[in-house]
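The values are calculated or read from the model by the stated rules, or taken from the named source; none is laboratory data. These figures come from a predicted structure and were not determined experimentally. Here Cβ is always computed from backbone atoms with ideal geometry, including for glycine, and neighbour counts include all displayed protein chains.
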Amino acid sequence: MLEATEQTLSLRHPPSALRLRDVLNGTPILKPKLHEGGEHTDCFLVTSNVVEAEQIVEYLIDAEADAVGLEGETTSEASRFAGLVDAWVRYVDFCDAGAK
């Protein structure tokens, strides 16, 4: 998810992409004992504030809208962006809950 977000932001907002690239170049956090998979399932600590995360959501929403077909039909690319939007909205909600 972070890699896909970073790739999208590299075209839409390079400074945000660079911040995510720094996270991805860091050391992954320790996986739970029952967590399976190799490097593609690594977890990283993301420390964005609510404003930064909301901006990422906006860039991803724009990417999703751009990926919709000419007739307004959903495409696989639009669906992929919708999944990223959902994940980042959950992160924003998590940040909001922690701020209260």
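Remarks
- Within the stretch 51-76, the set of residues being farther than 14 Å from Thr5 by Cβ and in a helix (DSSP H, G or I) comprises Val51, Ala65, Asp66, Ala67, Ser76.
- Counted residues, the stretch 5-16 - those being surrounded by 15 or more Cβ atoms within 10 Å (Cβ to Cβ) and either over 12 Å from the mean Cα position of the chain (by Cα) or closer than 19 Å to Glu77 by Cα (or both): 6
- Members of the stretch 1-50 found to be at pLDDT 90 or above, among the hydroxyl-bearing types (Ser, Thr, Tyr) and touching a Phe, Trp or Tyr at 6+ places or on another chain (Cβ under 8 Å), listed by number: Thr5, Thr8, Ser16
- The residues of the stretch 30-50 that are surrounded by fewer than 10 Cβ atoms within 10 Å (Cβ to Cβ) and either under 12 Å from the mean Cα position of the chain (by Cα) or not in a loop (DSSP other than H, G, I, E, B) (or both), listed by number, are Glu39, His40.
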